[in-house]
Structure formats: C-alpha cells, structure tokens
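So the structure is just underneath, and the comments pick up after that.
The values are calculated or read from the model by the stated rules, or taken from the named source; none is laboratory data. Note that the structure is predicted; figures quoted are calculated from it, not measured. Positions of Cβ are backbone-derived with ideal geometry, glycine not excepted, and every protein chain shown enters the neighbour counts. When the accessible area is computed, the model is the full protein with side chains, heavy atoms only, and any ligands, DNA or RNA have been set aside. Shrake-Rupley method; radii C 1.70, N 1.55, O 1.52, S 1.80 Å.
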Amino acid sequence: MNASTLSACPQCGMQNVYPDGDMYICADCAHEWPQQRADVEEHVAVVRDVHGNPLNNGDTVVVIKDLKVKGSSIPLKQGTVIRNIRLVDGDADHIEGNSDKIKGLVLKVCFLKKA
C-alpha cells in the first residue's frame, strides 16, 4: 500500500501515516491503530465518553468537572446533566446539547460521562 492510499490519522487528522506490521502509525502524534479497521473508522466515527462508553443521539450525559462557558457568565458545574444530546457529524470529539440554564452548548466528550 503506498502513501497516497493511506487514510489520515483518526486522532490528529494529519496525512503523515505509515504502515508498521499490521498497524498504521502517525508520525506527527504517534497514534497507532490496526490496518484492518482503518477503512471502517474512516466512515464511522464512534463517539465515546471519558470512560469509553459509546454515546448516541438522545443520550443523557453528566459533566465531570466545572467548565467555563464562552459567551456566558454562568459556569457549567460538575454534575450538571445534559439531556437529549446530539452527535456532531464527522466529529467524534464534540456533542451538542442544552442544560437547564444554558442552551446551545457544544461540549468536548472528554469532560462528559454517560448517565
């Protein structure tokens, strides 16, 4: 397989990827992933919470630490429940949702756990 047919790194998105045995390795961020799953991951991005649980549209999540919210003077406190989340197409790192006090939030999944 030549460099032009290798997919981009699923972690950083860079094209500097090379095969090593049965793994692909990104030279930019050192992320490694199996070659046989590379084509599947390219088309289907699984969104996971901080503990690795898969998230789906309509799920309920809980904020695991206090977060400052851009454009609002109200912080998002630890333990805040976000109901009926929406996954962002093509982005496995963010979800959209509303809290009781703040509407239109876009949150990183590394600060959320599935309720």
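Observations
- For first residues located in region 60-75 and without any contact (Cβ under 8 Å) to a residue 24 or more places away in the chain and at negative phi, partners that are of a type in the set (D, E, K, R) and surrounded by 10 or more Cβ atoms within 10 Å (Cβ to Cβ) and lie 6+ apart or on another chain with Cβ distances below 8 Å form the pairs D66/K77; P75/D66.
Listed here are the residues, each with its yes/no results for (1) more than 25 Å from G13 (Cβ to Cβ); (2) assigned to a strand (DSSP E or B); (3) open to solvent by less than 40 Å² (accessible area, probe 1.4 Å); (4) of a type outside the set (D, E, K, R).
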position: N84; (1), (2), (3), (4): yes, yes, no, yes
position: G97; (1), (2), (3), (4): no, yes, yes, yes
position: L107; (1), (2), (3), (4): no, yes, yes, yes
position: K113; (1), (2), (3), (4): yes, yes, no, no
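- Filter result for N57 (in a loop (DSSP other than H, G, I, E, B) and either in contact (Cβ under 8 Å) with a residue 60 or more places away in the chain or open to solvent by 80 Å² or more (accessible area, probe 1.4 Å) (or both)): yes
- From the list A38, A30, A92, the lone residue that is surrounded by 13 or more Cβ atoms within 10 Å (Cβ to Cβ), part of a loop (DSSP other than H, G, I, E, B) and at pLDDT below 95 is A92.
- The listed residue being more than 18 Å from the chain's Cα centre (by Cα) and not acidic (D, E), out of V62, V69, V50: V69
- Scanning region 64-115 for residues that are touching a strand residue (DSSP E or B) at 6+ places or on another chain (Cβ under 8 Å) and among the hydroxyl-bearing types (S, T, Y) turns up T80, S99.
- Condition check for Y18: over 25 Å from A115 (Cβ atoms), aromatic (F, W, Y) and loosely packed, with under 15 Cβ neighbours inside 10 Å: yes
- Which numbered condition K68 fails, given (1) under 28 Å from A8 (Cα atoms); (2) in contact with a Pro (Cβ under 9 Å, 6 or more places away or on another chain); (3) of a type outside the set (D, E): (1)
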